[in-house]
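This report refers to the structure that appears directly beneath it.
The values are calculated or read from the model by the stated rules, or taken from the named source; none is laboratory data. Just so we're clear, the structure is a prediction, and the values are computed from it rather than from any experiment. Cβ: placed from backbone, ideal geometry, glycine included. Neighbour counts: every protein chain shown. Just so you know, the surface numbers come from the protein's heavy atoms only, side chains and all, with ligands and any DNA or RNA stripped out. Shrake-Rupley method; radii C 1.70, N 1.55, O 1.52, S 1.80 Å.
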Amino acid sequence: MKKKVQLVLGSGGARGIAHIGVIQRLLEEDYEIVEIVGCSMGAVVGGMYSAGHLEAYTEWLLKQSKTDVYRLFDITFSLHGLVKGDRIFQILEEMAGKHDIEKLKIPFTAIATDMHSRTEVHFNEGNLFKALRASTGIPGVFTPIADSGRLYVDGAVLNPLPVDVLHRRKDASIIAINLNGAIESDIIAIPQPQPPDEEKAPAFWTRIKSYFEKAQDDAAEKKEPETIETKAEDPVPVTVPTFSMFELLSASYDASLDKLAAMTLRENPVDMIIEIPRNTCSVFEFYRAAELIEVGRKQYDKAMAKQKRED
């Protein structure tokens, strides 16, 4: 008899591709996934699996070059966000077809946040891709979705690791995947081949690509400590690490996610937590799919080995 598992897939941008590697290992280890709750990118991966199209989605991700990824950003420069996000979900719906969540073979819930009421919204029925788009609206990056008097943004705003949404089954274990794990120095790095004749992007897209690459470089760059002047009565200089604007915003958001996830886990213990290090990649590096899937597989094996030592 297969071992049953209820799966919680957390938020974290492109790091969410690591969810695919974890799911691959679970299936290889003869687990049966009987329920999925996902937030943001965790909702996308979980929704595609529940709809039976994760393999096709994975194959598509593995073909995406850096230029391909940036071309998927339908830039709007509106007051509500930088990217509309419609283009990618049109592609996913064309890939998988239309689905109603309540008719999926595997029970699935996507988490979003309603900014008008400042409450969580649990999508467990209705159009799948509408729910996924609502769950992934990173504030300030993707434009929010307005529907029926509600304004939906990323579910991570209130619940980045929604283990509390599950109703524990006696015949299943709960496994949660946290995409904001502690920084690790031994992250696998697999060189990503670029197409030999990658298309030349128009000047507009080149500027957009440069913008995102600059933001990613700023966030990843190691900076020398900066000296801050102190008051005359306390002349000992203090050194602190410098932060770019993007890095400061990202670090602040991550700190909030960490706090929320930790609180949720304290109140809702799980049978196993799989940590994907936050330094695995930056938010928009979806073109590193092969590497990210491998990280997910590796972190699954690490978590499983730790659990066996503790049993």
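Ranking Phe89, Phe286 by solvent-accessible area of protein heavy atoms (1.4 Å probe, all protein chains present), from largest to smallest, gives Phe286, Phe89.
Between the listed residues Ala134, Ile101, Met48, the Cα displaced farthest toward the positive end of the dipole of region 1-153, a dipole computed from Cβ unit charges relative to the Cα centre, is found at Ala134. In a fully extended conformation the segment linking Ser256 and Asp301 would gain 13.4 nm over its present Cα-Cα distance, using 0.36 nm per residue.
Across region 12-23, computed HN-Hα scalar couplings (Karplus, 6.51 cos²θ - 1.76 cosθ + 1.60, θ = phi - 60°) run x, x, 4, 4, x, 5, 4, 4, 4, x, 5, 4 Hz from first to last residue, x flagging Gly and Pro. What is the percent carbon and sulfur in the accessible area of region 3-51, measuring with a 1.4 Å probe over the protein chains and ignoring ligands? That share works out to 39 percent. Amide H contacts of Ile174 (H built 1.01 Å from N, in plane; Pro and chain starts excluded): Gln6, Asp271, Met272 sit under 5 Å, all sequence-distant by 5 or more or on other chains. Normalised per residue, the accessible area of region 1-72 is 30 Å², obtained with a 1.4 Å probe and no contribution from ligands, DNA or RNA.
With the simple model of a label 7 Å out from the Cα in the direction of the Cβ, Glu59 to Arg168 spans 4.0 nm. Annotation: amide H-H contacts under 5 Å for Val121 (H modelled 1.01 Å from N, sequence separation of 5 or more, or interchain): Ala112, Thr113, Asp114. Near the amide H of Gly85, within less than 5 Å, lie the amide hydrogens of Asp74, all on another chain or at least 5 residues away, with H placed in the peptide plane.
Okay, which of region 29-53 sit inside 18 Å, backbone N to the point 7 Å along the Cα-Cβ direction of Lys103? Answer for region 29-53: 47-53. Taken one residue at a time, the phi angles of region 271-282 give Karplus couplings (6.51, -1.76, 1.60, θ = phi - 60°) of 7, 7, 10, 10, 9, 9, x, 5, 8, 4, 6, 8 Hz. Gly and Pro are set to x.
In order along region 131-145, phi translates into HN-Hα couplings of 5, 5, 5, 5, 6, 9, x, 4, x, x, 9, 9, 5, x, 10 Hz, rounded to whole numbers, per the Karplus curve 6.51 cos²θ - 1.76 cosθ + 1.60 with θ = phi - 60° and x for Gly and Pro.
Within region 1-131, the percentage of alpha carbon pairs spaced more than 21 angstrom apart rounds to 43%.
Just the accessible area per residue of region 92-181, please: how many Å² with a 1.4 Å probe?
On a per-residue basis, 45 Å².
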